[in-house]
Amino acid sequence: MNIPTPTSAICPPRCNACGLRETRAFMPVNAEELKFIETFRTGTTMVKAGATILPEQQPNGKLFTLYSGWAFRYKTLSDGRRQILNFLLPGDFIGLQQKFADGAMHGIEAVTDASLCVFPREGLWELFRNFPNLGYDITWLAAREEGMVDDHLLTAGRRNATERVAMLLMHLFRRLDRVGMAAGGMIEFPINQQHIADALGLSLVHTNKTLRRLRQLGLHEIQDGKLRLLNTRALERIADYYDTPPPQVPLL
């Protein structure tokens, strides 16, 4: 089965040709706001799978909207152990946290080839001053990010391994389904077991055993870079995770 993608792989030169906005998963903006967003955008960039989008602990000065592909935000300890803070999917606004620090408090790495819109950090002042609706959108996105961090903290602190994996599978599926990138209970799933382990605070061995157990129960299957959910109700019950994404979210 071919899984639909709402966009081409490359950012269009004009914001009025944005394939993400055509999905209707994102809040509409008026013509003046769209013109400002296009002026605010300084360019686009393509990165290869495994490339660093934002280096950890280094000043960057850029903000991004992920147009296509997958990435993740992470922090590492001095011995190289890594915690994936969240996965980034098309439409996500990236890099806002560094606005309030001397350097990036985290790193961002591409999981797949990715296309991004690039914005300068200093342009946020004009956005908040002249376009309060867009300023509110930025605040909304920051609050949404905090909410996801809360969910991840609850997962790491209170959910067991089976519940953690079930929650992550449901969470990623719902986010992709919202932007029209799911079909027949299936999504593209380019992350590997090490990504899952680093996101959930599990060992690689424990992650492998847990995924195998859920597969044996007939709840999901991962094959050829695709995830198919076979029993979403059971996964919801296991994870105690019933949150549904809002019908529309802001898009810069």
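The values are calculated or read from the model by the stated rules, or taken from the named source; none is laboratory data. Since we're looking at a predicted model, the values are computed, not measured. Here Cβ is always computed from backbone atoms with ideal geometry, including for glycine, and neighbour counts include all displayed protein chains. Heavy atoms of the whole protein, side chains included, go into the accessibility calculation; ligands, DNA and RNA do not. Shrake-Rupley method; radii C 1.70, N 1.55, O 1.52, S 1.80 Å.
Go through the residues of the stretch 81-103 one by one and say whether even a single one is on the phi > 0 side of the Ramachandran plot, charged (D, E, K, R) and surrounded by fewer than 16 Cβ atoms within 10 Å (Cβ to Cβ). No: zero hits.
Only one of A156, A197 is open to solvent by 20 Å² or more (accessible area, probe 1.4 Å) and among the aliphatic types (A, V, I, L, M). Can you tell me which?
None of the other options fit; the residue is A156.
Filtering the stretch 130-167 to residues that are without any contact (Cβ under 8 Å) to a residue 40 or more places away in the chain and closer than 13 Å to L96 by Cα leaves G135, T139, A143, E146.
Yes or no, residue by residue, for (1) of a type outside the set (S, T, N, Q); (2) surrounded by 14 or more Cβ atoms within 10 Å (Cβ to Cβ); (3) at negative phi:
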| position | (1), (2), (3) |
| --- | --- |
| T112 | no, yes, yes |
| L124 | yes, yes, yes |
| N130 | no, no, yes |
| N133 | no, no, yes |
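Can you confirm whether P59 is open to solvent by less than 20 Å² (accessible area, probe 1.4 Å) and either assigned to a loop (DSSP other than H, G, I, E, B) or farther than 19 Å from V249 by Cα (or both)? Spelling it out, it is not the case that P59 is open to solvent by less than 20 Å² (accessible area, probe 1.4 Å) and either assigned to a loop (DSSP other than H, G, I, E, B) or farther than 19 Å from V249 by Cα (or both). When you look at L85, is it within 14 Å of the chain's Cα centre (by Cα) and either closer than 13 Å to T65 by Cβ or modelled with pLDDT of 95 or more (or both), yes or no? Considered against the rule, which asks whether it is within 14 Å of the chain's Cα centre (by Cα) and either closer than 13 Å to T65 by Cβ or modelled with pLDDT of 95 or more (or both), L85 comes out as no. Picking from residues in the stretch 205-232 that are without any contact (Cβ under 8 Å) to a residue 40 or more places away in the chain and open to solvent by less than 50 Å² (accessible area, probe 1.4 Å), the one that is nearest to A182 (Cα to Cα) is G225.
Kindly indicate whether any position in the stretch 178-187 is over 18 Å from W70 (Cβ atoms) and either touching a His at 6+ places or on another chain (Cβ under 8 Å) or in a helix (DSSP H, G or I) (or both). Among the residues of the stretch 178-187, not one is over 18 Å from W70 (Cβ atoms) and either touching a His at 6+ places or on another chain (Cβ under 8 Å) or in a helix (DSSP H, G or I) (or both), which makes the answer no.
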